[in-house]
Structure formats: C-alpha cells, structure tokens
Amino acid sequence: MKRKSENITNSIYPIVSVAAILVLWECLSYFEVVPNFMLPSPGQTVEAFVKDFPLLMMHLRVTLAETLVGTVIGVVLGYASACLMDRWDWAYKAVYPLVVLTQTIPAVAIAPLLVLWFGYKMMPKIVLIVLITYFPIAVGVLDGFRSADQDAINLLRSMGATRWQIFRHVKFPGALPNFFSGLRITVAYAVVGAVLAEWLGGFAGLGVYMTRVKKSFAYDKMFAVIFLISIISLLLIGLVNLVQRRCMPWERVRGYEESQRRRKPAQMKEK
Amino acid sequence: MTHKLETKNITMNFGEGDIISEISIHVDQGELVSLLGVSGSGKTTLFNCISGIYHPTEGQVILDGTDITGQTGHISYMLQKDLLLPYKTIEDNVGLPLVIRGMKKEEARAEAGKHFQEFGLEGTQKMYPAQLSGGMRQRAALLRTYLFSDNVALLDEPFSALDTITKGRIHRWYLDVMEKIRLTTVFITHDINEAILLSDRIYIMTGRPGRIQTELQIRTPRGQRQDFDLTEEFLEHKRTIMELLEKQG
C-alpha cells in the first residue's frame, strides 16, 4: 500500500513540470513573444494533429514498418555478434572494433549516401536503422554474457553441462537485463533514424510528411508530427518495459534488487 | 573392501610449485568426512580436482573402484555462495542438475518436489531465491547438490557465510537431513567446532603446499550429538586440533 501511494506522489513531479512547460509555451504564443506563424500554440498543434490525423496515420504506418523490420534485423545481428564474440576470442578481437565503428559513423552523414545507393524505397531506411540498433544490442548483450558468475558456470560444468546448456541456463537469462536496456535505447533511436532517412528522400513516412509541411511553412503541422514521433517513441519504450516485465517475473519479487546489489556492488544498472 | 571415494596421491601444480601435494584421502559409503585447515591450504583446489573441473598433475580419483580423474558429472559440489540462479524458482533451481542430465522440466520438478519436505523447504517451490533467508537458500543448495548426485557430495565451506545463530540451527538441520538421506560427504571448513560437530572423521590439512597432516576419528555417533559441544570428548578433540594447527603456525 505504501509503495502505491509513493508511486503516485512520484508521478506528480513530472506531470507538474510538463504542465508548466505547456503553460509557458501557451503564454509565449498568446502574447506573441515569438511570432505565431513560427511558434504555433499547443492548441493549434492539437488542431493540426486532428485535422491531418488520417494522413499522419498513413505515413506513420510506413515509418513503423521500417522501424520494425530494421530493429528486428539489427537486434538479431547484434545478438548473434554478441554470441560470436563471447564464444570465440578471435571473433571478439576481429568484430568488436567494427561494432564500435558502426557507432562512430554519424547517421546524418551516412543517410544521404544510403539513399543514393539504395534508392527512395524502404531499403535505405532499414539499413540505417540496422546500423543504429546494432551497437547497443551487441555491446549490451556481450557485457551481460561477460558478467555471468564464473562460479555458477563452474557449478554447471561440474554437473556435466554442455556449452549450450550453460548458455541456456546461465548466460542467456543473465544477459536479459542488458538486452532490454539495449532494446529500450534502440527502439527510440530507430524511429528517429527512420524519420531521418525519410527526410532525405522517399515517397511516404513521417519524415516525408515533415519535409512537405516544412516547405509549405505549416509549422503547426510540423509540431504535430514532432509530437507524434515523441509519443510513438515513448509508446515503444513502454512496450519494451511491458515485455521485459513479462519475460522477467523474478525482477518484481520483493528483495530481488537488494540481493542483486549484494551480488554485484559495482554494477548497479539504470532502472 | 573398496572405499566409496578415494584419492591417490593427488598433486596439483599450476607451474609455480605444488598447490597441493600427494593427497590421499578416502570416504566410505554414508560417511561424513571433514577437511579442516587454514585458508590457503589448497582445500578448494583439491575439491576442484575431485569434481573434475581440474585434471590433477599427478594422482587419481577413484569412485566405486573406477578411475574418474578429470571427469565432471560424477561428484556434486556445493559452495559457500549458494549459486542459486536468481531468475529460476527454487524448484527449478533445485531440479537443474536433473535437467542438465536430460530430464524434462516437468519431470525434474516432480522429482525435486519429493524432497522438499525432507529438507525443510516445504512451501518454497514457487519462490525465487531472493525471497528466502540465507539459511533457507543453503538448504536449497544442498538439495540441489543431493539431486545432482547421491554418490558423493563435496561441500566447500557451505555454512561459513551465515551468522552464528543461523549456523547453529542449520548444523542441527544438517545432521538431521544427513541421517535421513545418508549422503556420502566431504566437507571443507576452517571452523574447528563445525568440523567436530558434523563429521565422522576429520582430515587436518596444512598449507603451502597443501598436505594431509593427520586424521582424527570422532567416537560419538552422529545420531547422538545433542549438546555435543559441551562434552569432554568434544573439548579433547578441539585441544588436539588446536595444538596440531599451532605447531604448523
């Protein structure tokens, strides 16, 4: 009971801060501190959102499809590389620098090239998303594999466990928190990546919609689509949290967090 | 008569001198034997050799007359850390050795479930390790060890992380359970009282390199050890052991 009331109090803070920003924003446009055509009010933004709703949904469907396909491929590749790097040291030495390299390439720089190479359809968007999502998954999961308790592995080995069984019972579940942390970052980046790639060329998608409304100076619509993207990202992060809670029921057990802290004092992860 | 488990002149060397040297010990069926010694006397290294995680530089491990040197999967193992996997329920943790051996998850649960009563773990089947006290977790770990192999269990300081009161309670529980399951056990400890209280026989080990110094038989049968630590025999053993360890300094 106490926990519940605490949760409610905790959620009051962000609600108040967001409301404050909305009020400030409304004031800014109401008193014309910033000219209205450049900064539409929250009300106008909502209006634009409602008016263009069917169109927005049509574009959203395309963006989400790209995000989904790209994320799935990126996650599968990332997870597979983490497995390879964990299994063979030479693979670690050979692949790890490449993994880091994918992260150092600025998405803004490579996106136009991808459009040039792969055309205006879905391909360049998916490739960009794969590049973006690959890194957090590969590095996060590898980290999870490596922090597996060596004594637990030895115990399973003494039971005569095969390499696959050690993976199945120790490494895989042990790396799940890292996997989900990576996935949370990944889905938010993926949507932004898709929009960025669409911005640079395409026939449909929220990025394409954005360039069109920008060219017609419809800033209210611009704001509407920005909000839609934020909301979609938040929803996807929420979805990841939901799946995580489903997959990891033991995390909700009373005393779990404390026992984890005792086990690895140096590695408290963000919650 | 052949012993249940026997080590013949085990020597382990990682390249910088022997860690343990020419260790020959044996355990008979149903016997509880302790290895008592200071930290760094190579007790854990010996265990790793017996359980097959290491292949000893020299010597053999004989189980029921067969040479099992360097083979895993025969002899079960329990550490001070309970090593219960935080993401598995107690019944799945305990049944893990059965699953490793190829049993289906459901069968392993049923098989493990038979022993919960006996081990004083009733009602914890669906709980996660984090919900149990340290003492209960060690009970679960011992049940897992037992399900892994009812041949011989190696217990490496299993109760040393527990507080004194819990420890006293778990010692009584341990003798009680052992009476029921008759598991052949080698028990590492650096706690003299624990060694005398829980064993039939004690090997005293001294370090660098680890050797067996001497062997001590406890006369009072395990079944009759209420308030054993207050008896003359207990003190006599304790005095002998302390003198021995003192001399090694």
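The values are calculated or read from the model by the stated rules, or taken from the named source; none is laboratory data. Computed from a predicted model, the values in this text were never measured in an experiment. Positions of Cβ are backbone-derived with ideal geometry, glycine not excepted, and every protein chain shown enters the neighbour counts. What goes into the accessible areas is simple: the full protein's heavy atoms, side chains included, and nothing from ligands, DNA or RNA. Shrake-Rupley method; radii C 1.70, N 1.55, O 1.52, S 1.80 Å.
Solvent exposure of the protein assembly as shown amounts to 51 Å² per residue of accessible area, where only protein heavy atoms count and the probe is 1.4 Å.
Using only alpha carbon pairs under 8 Å that are at least six residues apart, calculate the relative contact order of chain B and give it in whole percent.
26 percent
Cα centroids of region A:195-242 and region B:230-249: 79 Å apart. Give me the net charge for the shell around B:Pro221: Cβ to Cβ below 11 angstrom, other residues only, Lys and Arg +1, Asp and Glu -1. Neighbourhood net charge equals +1. Note on B:Ser133 and A:Ser216: the model spin-label points, each 7 Å out from Cα along the C-beta direction, lie 7.2 nm apart. Computed with a 1.4 Å probe on the full set of protein chains, the accessible area for A:Arg87 sits at about 100 Å². Chain A packed on chain B takes about 2100 Å² of accessible surface away from a 1.4 Å probe, both sides summed. Remark: spin-label model distance A:Ile12-B:Lys247 equals 7.4 nm, labels positioned 7 Å along the Cα→Cβ axis. Within region B:1-104, the GluC sites (Glu not before Pro) that combine a DSSP coil assignment with at most 15 other C-beta atoms in a 10 angstrom radius are B:Glu16.
If you take the alpha carbon atoms of the protein assembly as shown and fit the smallest convex hull around them, that volume is 206 Å³ per residue. Interface burial in region A:154-184 reaches 40 Å² or more for A:Leu155, A:Ser158, A:Met159, A:Gln165, A:His169, comparing the full protein assembly with the chain by itself; accessible area from heavy atoms with a 1.4 Å probe.
So if R0 is 45 Å, what FRET efficiency would A:Ile231 and A:Trp164 give, r being the distance between their Cβ atoms, rounded to the nearest 0.05? Computed FRET efficiency for A:Ile231 and A:Trp164 comes out at 0.60. Annotation for region A:68-146 versus region B:34-53: alpha-carbon center distance of 46 Å. Taking a straight Cα-Cα cut-off under 16 Å and skipping sequence neighbours fewer than 8 places away in the same chain, the aspartates and glutamates within cross-link reach of A:Lys125 are A:Glu66, A:Glu198. Computed on chain A, with alpha-carbon pairs under 8 angstrom and 6+ residues apart, the relative contact order is 23 percent. Element breakdown for the protein assembly as shown at a 1.4 angstrom probe: carbon and sulfur atoms account for 60% of the accessible area.
Potential lengthening of the chain between A:Arg246 and A:Asp89 amounts to 53.2 nm, from the contour at 0.36 nm per residue minus the alpha-carbon distance. Between B:Leu235 and A:Val76, the simple spin-label model (points 7 angstrom out along Cα→Cβ) gives 7.5 nm. Classify chain A: rounded, prolate or oblate, from the alpha-carbon gyration tensor (a ≥ b ≥ c, eigenvalue square roots; a/c under 1.5 rounded; otherwise prolate if a/b is larger than b/c)? Since a/c reaches 1.5 but b/c is at least a/b, the shape of chain A is classed as oblate.
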